[in-house]
1. Among the numbered criteria (1) away from the ligand (no atom under 16 Å from the Cβ); (2) in contact with a strand residue (DSSP E or B) (Cβ under 9 Å, 6 or more places away or on another chain); (3) among the charged types (D, E, K, R), which one does Arg57 miss?
2. Return only the number of the condition from (1) assigned to a loop (DSSP other than H, G, I, E, B); (2) in contact with a helix residue (DSSP H, G or I) (Cβ under 7 Å, 6 or more places away or on another chain); (3) without any contact (Cβ under 8 Å) to a residue 60 or more places away in the chain that Gly248 does not satisfy.
3. Under the condition of being touching a strand residue (DSSP E or B) at 6+ places or on another chain (Cβ under 7 Å) and in a loop (DSSP other than H, G, I, E, B), which residue from region 269-288 is surrounded by the fewest Cβ atoms within 10 Å (Cβ to Cβ)?
4. If you go through region 113-159 one residue at a time, how many are over 19 Å from Thr253 (Cβ atoms) and either within 14 Å of the ligand (Cβ to nearest atom) or not charged (D, E, K, R) (or both)?
5. Would you please name the residue that is nearest to the chain's Cα centre (by Cα), looking only at residues in region 35-54 that are within 12 Å of the ligand (Cβ to nearest atom) and buried (at least 18 other Cβ atoms within 10 Å of the Cβ)?
6. Looking at Trp150, Trp197 in this structure, which one is part of a loop (DSSP other than H, G, I, E, B), surrounded by 15 or more Cβ atoms within 10 Å (Cβ to Cβ) and in contact (Cβ under 8 Å) with a residue 24 or more places away in the chain?
7. Would you mind telling me which numbered condition in (1) assigned to a loop (DSSP other than H, G, I, E, B); (2) within 30 Å of Gly247 (Cα to Cα) Glu29 fails?
8. Can you name every residue in region 203-245 that is under 26 Å from Asp88 (Cβ atoms) and part of a loop (DSSP other than H, G, I, E, B)?
Amino acid sequence: MKAYKRVFAIMIILLGTMEVSQAQEYVVEVEALDHSYDLEGSNVIPSGWITFVLNNRLSEEVHEISLVRLLEGISHEDYLGPYMKAWDILLQEYQEGKVERSGINERVNQMLPEWSDELEYVSARGLVSPGRSAARTMELAPGNYSMVCWMKTEDGQIHIMKGMSRALKAGSEKVNREEPQPDWEITLKENEIETDWQPSLGSHEFRLNLSKGEDGKLIHSNIHLIKIEKGQDLDEINSWMDWYQVGGLRAQTAVEFLGGLDVYSQSTKGYFTLEIKEPGEYAWIVFVPGKTGIYKRFAVSAFRVDKR
Ligand SMILES: [Cu+2]
């Protein structure tokens, strides 16, 4: 009888352990509108590994989620005011030829508050075209965040100015989830996109591996998946992705963006998920300022290949 009781006790302990180790995924569903974010659920979320899904099913423009971690005592409004003003002026001055590309940071820093150096950009871009949705998973430290869209309207207004921003708070309660371990990896080399992923229809989760140069800075920090026409000039798309140019990241584009990311911090990893719904021609594109980006074209056939 005693032995029986002991086994029962051990079973209860085991059950308890299983419950604790069961990871839970925390997903923030964001609906993109022209031009605002509609958030399902609360503005207050846990900290730790959080997945953001950007649904762009209802709008007519490409949108993104950029996340910046604010400093203690700086509100969403404190951040938005000076940032919108400074970058708007900078954009104008650059496009009028008053500021060189190499002088952008210096000029914008003259206009930004002193605390701007300490802001932490958690993640950016991950462009999603109308009718599509894509996800990113990132580790959030507790604190206050601003979610902003830096895309531009047809007439060149930054979406943030039209109201596309949202305050978020990551609480001290941490979600019980480990760093993601996707099936597929993409490694960005200086002139190459390396992956062993076999393209197919369906939803795919990736880890992006980035490398640093001798100066300690990331060599490249972004990647996007685009649906293209056969023979499409990808240099044109690379030019369109240049935010500083007059037509850069404005509403109309010749291709469809299915998701991706840009790592603005010094992190060498990024996680994203996207969905390929139709067979056709596709390309990975790594935006590089200047004429040519880094591309990897591929086709997806109508037949679903079972990968594993
Ligand atoms: Cu937007």
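Read-outs throughout are calculated quantities, based only on the coordinates presented, and are distinct from any laboratory measurement. If you're wondering where the values come from, they're calculated on a predicted model, not measured in any experiment. Cβ: placed from backbone, ideal geometry, glycine included. Neighbour counts: every protein chain shown.
1. Here Arg57 clears every test but (1).
2. (3)
3. Pro279
4. At the first step, the residues of region 113-159 found to be over 19 Å from Thr253 (Cβ atoms) are 113-123, 135-148.
With the extra rule that they be either within 14 Å of the ligand (Cβ to nearest atom) or not charged (D, E, K, R) (or both), the set shrinks to 113, 115-116, 119, 121-123, 135, 137-138, 140-148.
The total comes to 19.
5. Leu54
6. Working: Trp197 fails: in contact (Cβ under 8 Å) with a residue 24 or more places away in the chain.
The unique qualifying residue is Trp150.
7. (1)
8. Ser221, Met241, Asp242, Trp243, Tyr244, Gln245
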